[in-house]
Structure formats: C-alpha cells, structure tokens
Amino acid sequence: MKIIHISDIHLTIPGEPMGGLDPHARFASALADVTVNHPDAARIVITGDLTHWGEHAAYEALQQAIADLPVPVRLMIGNHDNRAAFLSVFANHPVDANGFVNHAEMVGEVRFIYLDSVGERTHAGHFCPARRAWLQTELETCSHARIFLHHNPMLVGLPAEDRIALVEQDRGPFRELIRTHGSKIDYIHFGHVHAPIHGRYAGVQFASAPSTGNQSIPDLSEAEQLKGAPMNPAYFVLLIDGRDTTIHQIPFTWDGPVITTGTAWEDWAKPTEAAE
C-alpha cells in the first residue's frame, strides 16, 4: 500500500504570499507530482497546517485544489487553522461527539486514525481528556492502527520547536496511551516542525514530514526563535507492507540536472581505470 503524506501547506487567500513564497503554487506542484507519479496511492494525508491565517477563502481554495484528484484526501487541522472556519467550508467533514476534527477509517486491514491536536489561540498542541477518551476507544477496538496528527506529541530536542509541541499536561497522558497500545500501532506521522525527523516514541516509530512551504533549520541550542528558510520543499511517500513501513522523501520542485548511472560495478569505476 502506498500513502502520500503532505504537511504544512499554509494556504492563504489566493494571491497573498506566505513567508515570501506562493503556498498555492507549491501545493499545486506537489499535487501535480503526486497525480503523475503516484496515482496508485490509497490516500493523500495532509496533516495541517492547511492554512496560514485560518481564513474562509483559503479553505475554499483548498477545497477547489483537491476536488478532482484521483486519490482520496484526508485532512487534519493545525495550529494555524481555525476549526470553525474549516468546518464552515468542509461542512460534511467528520468530527467526534465533542466537535473535534477526530476521525478514523479502515484502509485495508489497518485503522487509520486522524487526530485534532489544536488548542485555542496557541501554537502549542493540545489533546484533552475528551480527545484521549475518543482515541482510547479507537485503539481498544482495532487490531492495529496508524496515527496521523499535526503536532509533535513528543519533545524532539529542538528547544524552540519543543515550546510548541504537545503541551506538558497532555504529553504525559498521551504517551501513556501510546505505550499501552503500542503493540498495535504501526507508526505515528505528524507535521508541524517543517522538517523530517524520525525516531521511536513510547515504543512506536514516528516520522515528521517536511513542509511544502518554508523548511525548518534544526538548531539544537536556540530556545526562543524558530529558524527556517525557503529551501526546496518535499512530501513523503509511505510504502506499507503489512506492518513494515518505508518512507521516501520526494523533492518535487527540483528542476536542475538529474544524473543517471547504471548499477553494474563497472558503471562506478574511476574513468582512468575504466580506460585501462
């Protein structure tokens, strides 16, 4: 099974830049690349931030952008999003009993669980008792699962980024929930940090996806200021075989030279040696 993981598209009102970039053009380029190269994917999963300022027109632009894709799309909101504005445009999007944008589905034999980790007027992540109860029920009633959310639920060793991770009061209980059900969770996927970070958390592997906009520059000592730059964007292709996962990072905007080389031993010989 193939899954496309896109994150942090940060759409604006069309025509407005974000961080000196056109987020709509970059997102459209990513979708075009997916359409050409990965029409066989089972899902495109976008783990927020869907918009940069949570504006109605930005969600309308997103709705139009994904309307005719050959692959089903699943959406999560992030800290730059506005839950009410999102639901005013995506009126039929599933929510849980408390109105959070938590939803889940079976994709093949796996329960894909999509989480709403957004708080009110804060960039840090929140996953309150009501949301944890919903997730606990999902995990208790499935044989194995794969979790997607926006915020990093763990600290990732970047002090400034960790200021806006899942908040401390929710981080411990969330970790315990993951630890309890870890044997049935194949992977945790998130965005938010605008960088590819991989590891293991409460016994479960995780990976964060880069952004289609600006990328983070990891700084393991800076405690206050987030650092980023308009470097080449990327998305992930997840190749899933049973409970095994391989992740490829796709630099979809690269337009420079591409060098092709064969795989035979002689194809990599030093030119002077090959001539002898």
Rounded to one decimal in nm, the spacing of the 7 Å Cα→Cβ label points at His198 and Arg121 is 4.1 nm
Listing Glu222, Glu60, Glu266 by rising number of other beta-carbon atoms within 10 angstrom, fewest first, gives Glu266, Glu222, Glu60
One finds, for Arg163 and Val36 with R0 = 30 angstrom and r their Cβ-Cβ distance, a FRET efficiency to the nearest 0.05 of 0.20
Note: Asp255 to Ala25 extended length (0.36 nm per residue) minus current alpha-carbon separation gives 81.3 nm
Expressed in nanometres to one decimal, the distance between label points 7 Å along Cα→Cβ at Thr246 and Ala97 is 4.3 nm
Bridge orientation stat for segment 156-226 from DSSP, antiparallel percent rounded to 5, came to 60 percent
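Expressed as a fraction of 2.2 N^0.38 Å, the rule-of-thumb size for a compact globular protein of N residues, what is the C-alpha radius of gyration of segment 2-275?
Working: Rg = 19.3 Å, N = 274, 2.2 N^0.38 = 18.6 Å.
For segment 2-275, the normalised Cα radius of gyration is 1.04.
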Computed from every Cα-Cα pair in segment 1-116, P(r) in 10 Å bins starting at 0 and rounded to whole percents is 14, 46, 34, 7, 0
The exposure ranking of Leu50, Leu31, Leu239, fewest beta-carbon neighbours within 10 Å first, is Leu239, Leu31, Leu50
Between the Cα axis of helix 23-37 and the main Cα principal axis of the chain, the angle (0 to 90°, nearest 10) is 60 degrees
Longest principal axis of the chain (C-alpha) makes with the long axis of helix 129-140 (C-alpha) an angle, in degrees to the nearest 10, of 60 degrees
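What is the calculated FRET efficiency for Asn232 to Gln63, with r their C-beta to C-beta distance and R₀ = 41 Å, to the nearest 0.05? Provide the component values of the computation, followed by the final result.
Details: r = 27 Å, r/R0 = 0.66.
Calculated value: 0.95.
If I take R0 = 41 Å and measure r between the Cβ atoms of Glu222 and Arg83 in this structure, what FRET efficiency does the formula 1/(1 + (r/R0)^6) give, to the nearest 0.05? Intermediate results must be reported in sequence, preceding the final value.
Details: r = 30 Å, r/R0 = 0.74.
So, using R0 = 41 Å, E works out to roughly 0.85.
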In the chain the DSSP beta bridges are antiparallel at a rate, in percent to nearest 5, of 55 percent
Rounded to the nearest 10, the angle in degrees between the Cα long axis of helix 56-65 and the longest principal axis of the Cα atoms of the chain comes to 50 degrees
Fewest to most Cβ atoms within 10 Å: Lys2, Lys270 sort as Lys270, Lys2
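Please give the calculated 222 nm ellipticity per residue for the chain, where each DSSP H segment of at least 4 residues contributes -39500 (n - 2.57) and the sum is spread over every residue; nearest 500 deg cm²/dmol? Mind showing how you got there, number by number?
Numbers: 7 runs with 66 residues, N = 276.
Mean residue ellipticity, 222 nm, calculated: -7000 deg cm²/dmol.
A short reminder: the numbers here are calculations on the coordinates, not readings from a lab. Just so it is clear, the structure is predicted and the values come from calculations on it, not from any experiment. For neighbour counting, all protein chains shown are included, and Cβ atoms are generated from backbone atoms with ideal geometry for every residue, glycine included.
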